[in-house]
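Quick notes on the structure that follows.
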Amino acid sequence: MNVYLLKIMTPEKQIYESKVISVTVTGTDGRLTVLAGHEIMAATVTEGPIIIRTEQETMEGVTGRGMMWVNRNEVAVMVHGFKWADEEADIVSAEDAFAGDMMI
């Protein structure tokens, strides 16, 4: 499978950096999945689930609001908040995860 570098950052720290097969985020027009070789683009990320698929595993979390920049070999997701899904529970609602998150 083709892979690319995914970076997830908040204003406080870098959350994730590794090679992935795909990432799915929630945008203003719904869910957006990026695969390797995607055209260059920028998109607004809204509060909601994020799904990261690597060659070894699938990981889930919840993002706050932010932006995603896509290059053919790299994707950067910069959001105001991020939480990994709890292994014992489903993804928490974005409203609960980021209550009080300020939109810039």
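The values are calculated or read from the model by the stated rules, or taken from the named source; none is laboratory data. In this text, all values refer to a predicted model and were calculated from it rather than measured experimentally. Please note: Cβ atoms are built from the backbone with ideal geometry, for glycine as well, and neighbour counts cover all protein chains shown.
Identify, by number, the condition in (1) out of contact with any helix residue (DSSP H, G or I) (no Cβ under 9 Å at 6 or more places or on another chain); (2) at pLDDT 95 or above that residue 86 doesn't meet.
Going through the list (1) out of contact with any helix residue (DSSP H, G or I) (no Cβ under 9 Å at 6 or more places or on another chain); (2) at pLDDT 95 or above, residue 86 breaks only (2).
What residue, among those in region 1-26 that are free of Cβ contacts under 8 Å to residues at least 40 places away in the same chain and farther than 16 Å from residue 59 by Cβ, is surrounded by the fewest Cβ atoms within 10 Å (Cβ to Cβ)?
So, considering only residues that are free of Cβ contacts under 8 Å to residues at least 40 places away in the same chain and farther than 16 Å from residue 59 by Cβ, the one surrounded by the fewest Cβ atoms within 10 Å (Cβ to Cβ) is 13.
Tell me, which residue of region 61-77 that is surrounded by fewer than 16 Cβ atoms within 10 Å (Cβ to Cβ) and of a type outside the set (Lys, Arg) is farthest from residue 4 (Cα to Cα)?
67
List every residue pair whose Cβ atoms lie under 6 Å apart, where the two residues are 6 or more positions apart in sequence or sit on different chains, the first residue falls within region 53-68 and is farther than 17 Å from residue 86 by Cβ, and the second residue, located anywhere, is polar (S, T, N, Q).
53/22; 65/46
Tell me yes or no: at least one residue of region 29-46 is more than 20 Å from residue 81 (Cβ to Cβ), in contact (Cβ under 8 Å) with a residue 60 or more places away in the chain and either in contact with a strand residue (DSSP E or B) (Cβ under 7 Å, 6 or more places away or on another chain) or of a type outside the set (Val, Ile, Thr) (or both).
no
Taking residue 44 as the residue in question, decide whether it is part of a strand (DSSP E or B) and surrounded by 12 or more Cβ atoms within 10 Å (Cβ to Cβ).
yes
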